[in-house]
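Right, one structure below, let's go through it.
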Amino acid sequence: MISSSYEIIANLLLSEAEFLACKERYVGDVLRILEQRAGDEARLILKRRRAQPELLCTEISDALSGEINSHYARLFRYFQTRPELPLREPFRRALLAHLPALLREEPRFRRRLTRLPPQYRAAILAAEIGSSLVYRGDREADFEDAIRLHVQRYFVKS
């Protein structure tokens, strides 16, 4: 599923001639992304397995998928209702982080982000941020940050 989304991105941002000219690099970039994602998941599965040895790795993997999908759904709705955000900082950086290095590093391709339909930009951000929250997040620190922000917003007078 993830590799087909990169095919769609290539189709939207590159001409056929451009794709054929840089196909080897693009495919290599996508493979590196897939390896990184697989490594992220494996590390987190093993970390959670050490914390909960009674769980099977497949159960942990299913739980991770559920967490990512939950974040994805909420983030997708958020960005869909705010189509201007994905091209603004810092969201633009998250959008670029999702892309293969070729598209991220080459200015001529990076400038084409506006070619991505708003719904697709929302989906990319939802996937990138949702998976990052799970694979790189610290649940306790994230919870603490949310509490601090809530208290600051509602209980501290300006």
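The values are calculated or read from the model by the stated rules, or taken from the named source; none is laboratory data. Worth saying up front: this structure is predicted, and the values here are computed from it rather than measured. With ideal geometry, Cβ positions are generated from the backbone for all residues, glycine too; neighbour counts draw on all protein chains shown.
Quickly run through segment 125-136 and pick out the residues that are touching a residue at least 60 places away in the same chain (Cβ under 8 Å) and either part of a helix (DSSP H, G or I) or within 8 Å of F79 (Cα to Cα) (or both).
Of everything in segment 125-136, those that are touching a residue at least 60 places away in the same chain (Cβ under 8 Å) and either part of a helix (DSSP H, G or I) or within 8 Å of F79 (Cα to Cα) (or both) turn out to be A127, G130, S131, L133, V134, Y135.
Out of (1) of a type outside the set (D, E); (2) modelled with pLDDT of 95 or more; (3) over 23 Å from R32 (Cβ atoms), what's the single condition that is false for I124?
(3) is the only condition that I124 fails.
Can you work out which of the residues in segment 11-66 that are over 15 Å from S132 (Cα atoms) and among the β-branched types (V, I, T) is surrounded by the fewest Cβ atoms within 10 Å (Cβ to Cβ)?
T58
Just to be sure I understand, how many residues within segment 10-58 are more than 21 Å from L95 (Cβ to Cβ), touching a helix residue (DSSP H, G or I) at 6+ places or on another chain (Cβ under 7 Å) and among the acidic types (D, E)?
1
Picking from E7, E41, which residue would you name as being modelled with pLDDT of 95 or more, assigned to a helix (DSSP H, G or I) and of a type in the set (D, E, K, R)?
Unique residue meeting the criteria: E41.
Is it the case that some residue within segment 89-99 is in contact (Cβ under 8 Å) with a residue 60 or more places away in the chain, surrounded by 18 or more Cβ atoms within 10 Å (Cβ to Cβ) and either part of a helix (DSSP H, G or I) or not aliphatic (A, V, I, L, M) (or both)?
For segment 89-99, residues in contact (Cβ under 8 Å) with a residue 60 or more places away in the chain, surrounded by 18 or more Cβ atoms within 10 Å (Cβ to Cβ) and either part of a helix (DSSP H, G or I) or not aliphatic (A, V, I, L, M) (or both): absent.
Enumerate the pairs (first residue in segment 6-23 and under 13 Å from F109 (Cβ atoms); second residue anywhere and polar (S, T, N, Q) and part of a helix (DSSP H, G or I)) with beta-carbon separation below 9 Å, excluding pairs fewer than 6 apart on the same chain, so at least 6 apart or on different chains.
Close Cβ pairs satisfying both conditions: F19/N11.
Looking at (1) free of Cβ contacts under 8 Å to residues at least 40 places away in the same chain; (2) within 22 Å of E35 (Cβ to Cβ); (3) hydrophobic (A, V, I, L, M, F, W, C), find the lone condition where L149 falls short.
Tallying (1) free of Cβ contacts under 8 Å to residues at least 40 places away in the same chain; (2) within 22 Å of E35 (Cβ to Cβ); (3) hydrophobic (A, V, I, L, M, F, W, C), L149 fails exactly one: (2).
Please tell me if L103 is modelled with pLDDT of 95 or more and either farther than 30 Å from E24 by Cβ or in a loop (DSSP other than H, G, I, E, B) (or both).
no
Being outside any helix (DSSP H, G or I) and within 23 Å of T114 (Cβ to Cβ) is the requirement here; does P83 meet it?
Taking the combined requirement at face value, the residue satisfies it.
Mind checking whether some residue in segment 86-94 is over 22 Å from P117 (Cα atoms) and of a type outside the set (K, R)?
No, the conditions are met nowhere in segment 86-94.
Which one is nearest to the chain's Cα centre (by Cα), of the residues in segment 127-143 that are closer than 15 Å to L96 by Cβ and of a type in the set (G, A, S)?
A127
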